[in-house]
Structures are given as C-alpha cells and as structure tokens.
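Asks: Before I ask anything, let me first share the structure, which is written out below as structure tokens.
The values are calculated or read from the model by the stated rules, or taken from the named source; none is laboratory data. Quick caveat: nothing in here was measured; it's all calculated off a predicted structure. Cβ coordinates were reconstructed from backbone atoms using ideal geometry, including for glycine residues, and neighbour counts include every protein chain displayed. Remember, those area values only see protein heavy atoms, side chains included, never the ligands or the DNA or RNA. Shrake-Rupley method; radii C 1.70, N 1.55, O 1.52, S 1.80 Å.
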Amino acid sequence: MKDALPLIWRRSKERYRLLGNRCQSCNQAYYPSRKICSKCRRASKLVPEEMPKKGKVISFTQVFSAPEGFENEAPYFLALIELDNGVIILSQIVDSPSERIVIGAPVKMVFRRVFEDGSQGAIAYGFKFKVE
Amino acid sequence: MRKVSIVGAGMTRFGEHWETSFRDLIVEAGVKALTDAQMPGQDVQAIFGGCMASSRFIAQEHIGSLIADQVGLKPIPSTRCEAACASGGVALHSGWLAIASGRYDVVVVGGVEKMTEIGTSRAALALGGAGDQEWELFNGASFPSIYALMACRHMHDYGTTEEQMASCAVKNHANAVNNEYAQYRKKITIEQVMNSGYVASPLKLFDCSPLTDGAAAVVLCASEKARKYSDAPVEIFSTSQASGTLSLASRSSFTSIDATRVAARDAFDHARLTPKDVDVAEVHDCFTIAEIMAIEDLGFFKKGEGGKVSEEGRTALNAEISVNTSGGLKACGHPVGATGVKQAVEITWQLRGEAGKRQVNGAEIGLTHNVGGSGGTAVVNLYKRGD
Ligand SMILES: [Zn+2]
C-alpha cells in the first residue's frame, strides 16, 4: 500500500522477527498476532512469541502478472508455509532453484526488502523464505 | 418472517463500457428491472446496492445516495453493501431481510462496478483489497495468486489437472455464446486455455474472470403482494450469508471454502432440501478452480471430484446439473459488485423459462453462490417459482 509509513513502522517488529503471539488458555499460536484468541475470545490472554524461522512448503505459485509495486520482481514465487510450530503463513520464496520449490520442501526465513513505494517513497523490509 | 419474491429483473450488457458512466449503468439496470415488474417508481420503498471498490475504480463514494438520486427515487433510504466480490450477494441478502422482517413491501436490489476506467495493474491492486492488505498484498500476493495457491494444493491432494480446470472455462464460454448480455460470446478450446499463459501458475489467463463494467438489478416484493406486479414471481425461499477469515493462510483448509460450506448447509437446512434438488446453479467462478471447489462445497459432488466431473461434462447445460448457464464470471464477465445480483437475474430468467437457447429444461429449483475475496464472505440463495 502506498504512503503507509506508520503501517510499515508499526508492523516492523512482527515482520523482521516473525513476532506473533499465543493464547494462554488453548495454546493456539497466531501469526500475524491477534488482539483476541479466535476460539477463547475474551476469556483468555495472548502473549507475544517469536515464530520458528523454519518450516515446509504446503502450496506454491509462480506469479507472472504482478500487482502494482511488484512488476519489477515478476516472475516470483509465493507459498503457503507451515512453520515448525504448525502456524501457516504466506510468503515469497527467493534465492531458490525453481525445481526445488515443491510441496514438502524445507524452507527457512531470510530478511529481505519486500516493497518499495516508487523511487521516492519508503522501502519496507520483512521476511521471505528460501529452500534449505 | 414473510416470504420474498423477485418480481422484476434486468441488467446491462457486461463488458467494456467506455462510452457509459457508472451512474448510467446502474440507472439502465434499475429501469430495466422496474419496467420488467411493470412497477411505478413510487412503489419502491428502499434500495440496497452492491459495489466493491468505486473509490479505487472511479474515485466515488456515497454510492447509495448517487443511486437514489440518479434513478429519481430520493428520499427513500438507499444503502451501499460492500463485501468485495460478494457485495451484490450481500445486498440481495440485506434486501431480502428488509422485506422478510415486515419493514418494507418493495425493495430494489442493485449491483454495479466500473472496472475499466483505470489500468490493469492498478485494477489488480484494487481487487487485491479483497484479501488481507497487510499480510497478503504486502507480500506481493495478487488476487489470482491466492486462488493459484488453492489450485496447487487441490491438484496435489485430489489429482485435479490443469485440463480439468480448463474444461470449466470451455463450458462457461459455450454457455455465454447464447447470452446476449455476456462479455465473451465466443467458444474456446482446452488448447486455447492451456496456451493462454500463466498469470499465477497453475492458473492461466483463460482460467481467470476478466475486468468488466456492468450493472444488474432485481425488484424484491413481499410474496403476498407479488402477483400485483408479476405473473411469474420467483421466490427466494432460502438465503444464507457466512463469514470466513480474510486471509487464506488463516484457514483450516486450502482446497475448500468454509464460508461456502456453512452458508450452503444453512440454506439447504432452512429450505429442507438437498443439493440433489437443484436444477440450475450460478456459482462463483472468479477462477476455474473456484468453480471446482464450489460444486464440491455446495454438495453437488464429492470433495475432490469437482475437476473430474467438470471434464466429464456433468455440469454442462442440461447435464446432471446445469452450472453457470449465463457463462459465469469467466465468460459473462465479473463486474465485482454486480455479480451477485446478476446471478439472481439469470436464475429468475431460467425459472421463468425465458433463457432462450441456454434454457435448462424443466428448471424448478435454482441456486446462486457468491463469494467475497478468497472466501471471507459467501452468500448462498435458493429460488423456486412463486405461488
Ligand atoms: Zn485460545
């Protein structure tokens, strides 16, 4: 999203360190973090927790037609990744030979530039994953 | 709860309307629906309009007022409903409730979108707003890529093939040939789909619904008064709306849309019917994989068989169940806010026996299925000829 400096700043810790949270009652982990547990709602508290930086690919796609802001990167890989604690996240996969990007492939997090708001705008950093 | 029927239906041609503005599209659809109902404007008591992203496409908000003003029906209440691609379905559900509750006798439900006013990559960004801006679009997840992730997993789990997905597009184009309102009235072949180039693998250009301008409208009336306006009212005898997570990654399944399954079960339970009773269905095929998941999630076929049965022609016109006789989102076109209402227009014509060369023989029970985003919202309605 363009001109979203406060958003980029606010989310930076979560995006740089995979900081999510976990419900103290039912033990469900969340990434991205939530204000209330979807199951326990107001009956429980959520405490911050870093997610594991490793996981495996459970689905993937190669994007050829990119939305505005990502045209220069196309084609690029996106995947659903199940982290080692069972939490599923969506991420780009980079620096990996395309034949190794398959369902079940082990992946680990890397820190990368994600989005650039034109030549003058803010640069947002965050996680991507690569095949191990 | 009172019974609710459709007494008038109308729509613009779907396609690129460079010579027509947003407001002209919605007026055309509304006037057609009221003319079809032979209803004077002063009988209309409220308007519900579905529209997803007018601020992104034409930089206009306050669509409710715009519609009431342009059709000359102010000062009646006019409400915009937004649920991404399910905006039309949610408007229909809301209009239905407004009559069923007893508050109004006559409500016009419209849906509209003008998507070709801006460039393609900017339109893709606007549609991406149907998903999770902070965690999907931020990471470069276009709308097609979200459905591509579902397709990839469906292929892995059930052996669904790209050719099977292509067969949905081929079938929907064949249906659209006989729909004068459709954007693409041209037959296509499996080979053409397979060679149309990846948008987000395994989805190719011809697996995807297009950018479309268009509007659709229906006139809803308390069933007890429907005969005053129509000799062939069509009753919406069950309607259900459900919510799912906004982002795909938070779901429990990637090969099924929870909100569809919940809304379908609820709609069938209320109607005391089963999926086998449905003769004609307009389902949400924003991508071919979406039609495959829809015919499974709605209960027409077993989970995992959607691709196979599509390839076998069991969802073609007058086959086991006729799916997307209008051409669906793929070939009739997908002006996002209008689609949910267009589906009701098509089912109305089918149940009245007015669908011409794409008529389903002896159609008694119709269904519409409208999805917002990748499954954040789903609306399922059931229709039959009114008393
Ligand atoms: Zn909990």
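Asks: Out of all the residues in segment B:130-145, which are within 18 Å of B:E82 (Cβ to Cβ) and not in a loop (DSSP other than H, G, I, E, B)?
Replies: B:L137, B:F143
Asks: Applying the selection to segment A:40-59, what residues are away from the ligand (no atom under 16 Å from the Cβ) and surrounded by fewer than 23 Cβ atoms within 10 Å (Cβ to Cβ)?
Replies: Scanning segment A:40-59 gives A:E50, A:P52, A:K53, A:K54, A:K56, A:I58.
Asks: Turning to a different aspect of this structure: Kindly provide the set of residues from segment B:193-209 that are away from chain A (no Cβ under 12 Å) and surrounded by fewer than 20 Cβ atoms within 10 Å (Cβ to Cβ), ordered by number.
Replies: Result: B:M194, B:N195.
Asks: Is it true that B:T160 is β-branched (V, I, T) and open to solvent by less than 30 Å² (accessible area, probe 1.4 Å)?
Replies: Spelling it out, B:T160 is indeed β-branched (V, I, T) and open to solvent by less than 30 Å² (accessible area, probe 1.4 Å).
Asks: Which pairs turn up if I take residues in segment B:1-30 that are more than 20 Å from B:G327 (Cβ to Cβ) and modelled with pLDDT under 95 and look for partners that are among the hydroxyl-bearing types (S, T, Y) and open to solvent by less than 40 Å² (accessible area, probe 1.4 Å) with beta carbon separation below 9 Å, at least 6 apart in sequence or on another chain?
Replies: B:W18/B:T116
Asks: Here's a follow-up. If A:I36 passes every condition in (1) within 16 Å of the ligand (Cβ to nearest atom); (2) modelled with pLDDT under 95 but one, which one does it miss?
Replies: The failed condition is (2).
Asks: Is it true that B:C221 is within 13 Å of chain A (Cβ to nearest Cβ), of a type outside the set (S, T, N, Q) and surrounded by 22 or more Cβ atoms within 10 Å (Cβ to Cβ)?
Replies: Here the answer is no, as B:C221 does not meet what is asked.
Asks: Mind checking whether some residue in segment B:48-70 is touching a Pro at 6+ places or on another chain (Cβ under 7 Å) and among the small types (G, A, S)?
Replies: no
Asks: Now for a separate question. For a quick check of your reading of the model, give me the residue pairs whose first member lies in segment A:110-121 and is more than 19 Å from A:L90 (Cβ to Cβ), whose second is in a strand (DSSP E or B), with beta-carbon atoms closer than 7 Å and at least 6 apart or on different chains.
Replies: Close Cβ pairs (under 7 Å, with a partner that is in a strand (DSSP E or B)) amount to A:E116/A:I123.
Asks: Among B:M150, B:M155, which is among the aliphatic types (A, V, I, L, M), closer than 28 Å to A:E73 by Cα and open to solvent by less than 40 Å² (accessible area, probe 1.4 Å)?
Replies: One residue alone meets the criteria, B:M150.
Asks: Could you figure out which of (1) among the small types (G, A, S); (2) touching a Phe, Trp or Tyr at 6+ places or on another chain (Cβ under 7 Å); (3) facing chain A (nearest Cβ under 7 Å) isn't true of B:S145?
Replies: Only one criterion in (1) among the small types (G, A, S); (2) touching a Phe, Trp or Tyr at 6+ places or on another chain (Cβ under 7 Å); (3) facing chain A (nearest Cβ under 7 Å) is unmet by B:S145, namely (2).
Asks: When only residues in segment A:10-31 that are within 13 Å of chain B (Cβ to nearest Cβ) and away from the ligand (no atom under 16 Å from the Cβ) count, which is farthest from A:V110 (Cα to Cα)?
Replies: A:R10
Asks: Give segment B:340-387 a look and list any residue that's closer than 18 Å to B:L92 by Cβ, open to solvent by 10 Å² or more (accessible area, probe 1.4 Å) and small (G, A, S), or say none.
Replies: Listed by number, the residues that qualify are B:G376, B:G386.
Asks: Would you check if B:T35 is open to solvent by 30 Å² or more (accessible area, probe 1.4 Å) and assigned to a strand (DSSP E or B)?
Replies: It is false that B:T35 is open to solvent by 30 Å² or more (accessible area, probe 1.4 Å) and assigned to a strand (DSSP E or B).
Asks: Turning to a different aspect of this structure: Consider A:I103 against the criteria (1) more than 16 Å from the ligand (Cβ to nearest atom); (2) open to solvent by less than 40 Å² (accessible area, probe 1.4 Å): it satisfies all of them except one. Which criterion is unmet?
Replies: Unmet for A:I103, out of (1) more than 16 Å from the ligand (Cβ to nearest atom); (2) open to solvent by less than 40 Å² (accessible area, probe 1.4 Å): (2).
Asks: Of everything in segment A:67-82, what is free of Cβ contacts under 8 Å to residues at least 24 places away in the same chain, part of a loop (DSSP other than H, G, I, E, B) and not hydrophobic (A, V, I, L, M, F, W, C)? Give them in sequence order.
Replies: A:P67, A:E68, A:P75
Asks: Go through (1) away from chain A (no Cβ under 14 Å); (2) assigned to a helix (DSSP H, G or I); (3) under 30 Å from A:R10 (Cβ atoms) for B:L127 and report which single condition fails.
Replies: Failed condition: (1).
Asks: Same structure, new question: Looking at segment B:278-299, is at least one residue of a type in the set (D, E, K, R), part of a loop (DSSP other than H, G, I, E, B) and free of Cβ contacts under 8 Å to residues at least 60 places away in the same chain?
Replies: no
Asks: Here's a follow-up. Give the number of residues within segment A:95-131 that are away from every other protein chain (no Cβ under 11 Å) and at pLDDT 95 or above.
Replies: Of the residues in segment A:95-131, 14 are away from every other protein chain (no Cβ under 11 Å) and at pLDDT 95 or above.
Asks: Can we say B:L92 is away from chain A (no Cβ under 14 Å) and open to solvent by less than 10 Å² (accessible area, probe 1.4 Å)?
Replies: The answer is yes for B:L92.
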